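Heads up: the structure comes next, in structure tokens.
Read the figures in this text as sums done on the coordinates, not as results from a lab. Nothing here was measured: the structure is a model prediction, and the numbers come from that model. When we count neighbours, we look across all protein chains shown, and the Cβ atoms used for this are built from the backbone with ideal geometry, even at glycine.
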Amino acid sequence: MASATRPPVGGSPTGVAPQRTDRSPWNWLLLVPIVVVLLVPLYNHVDPKLGSWPLFYWLQLAFVALGVATTALVYRMTRRSSAERQAARDAIARDAGDRNREV
């Protein structure tokens, strides 16, 4: 069954919300904190100690910081620009208004 699509308002595609895709190369960086933790020979030691904490414990905390930093970086690099966010909000409002008129 084919779905009917409405032509853009005014005949131009400028009123159409941009297509959202999550296929960004930045998303591959999210694998770094997962893979690093799986490399146990990197931190399967007692020395060097940080204060009285063995390497295993303080490196686990460093891995948490690595995960947070990586997630923050990927978020910042893949979020929409303010113009794209405004176009999406306008398209949602326009679609909601069209649905209200149809009812």
Can you give the convex hull volume of the alpha carbon atoms of the range 25-102 per residue, in Å³? 136 Å³
Across the range 84-97, in residue order, what do the Karplus-derived ³J(HN,Hα) couplings come to in whole Hz, using 6.51 cos²θ - 1.76 cosθ + 1.60 with θ = phi - 60° and x for Gly and Pro? 5, 5, 5, 5, 5, 4, 5, 5, 5, 5, 5, 5, 5, x
Mean Cβ count within 10 Å, highest first, over the residues of peptides 29-42, 57-70: 57-70, 29-42
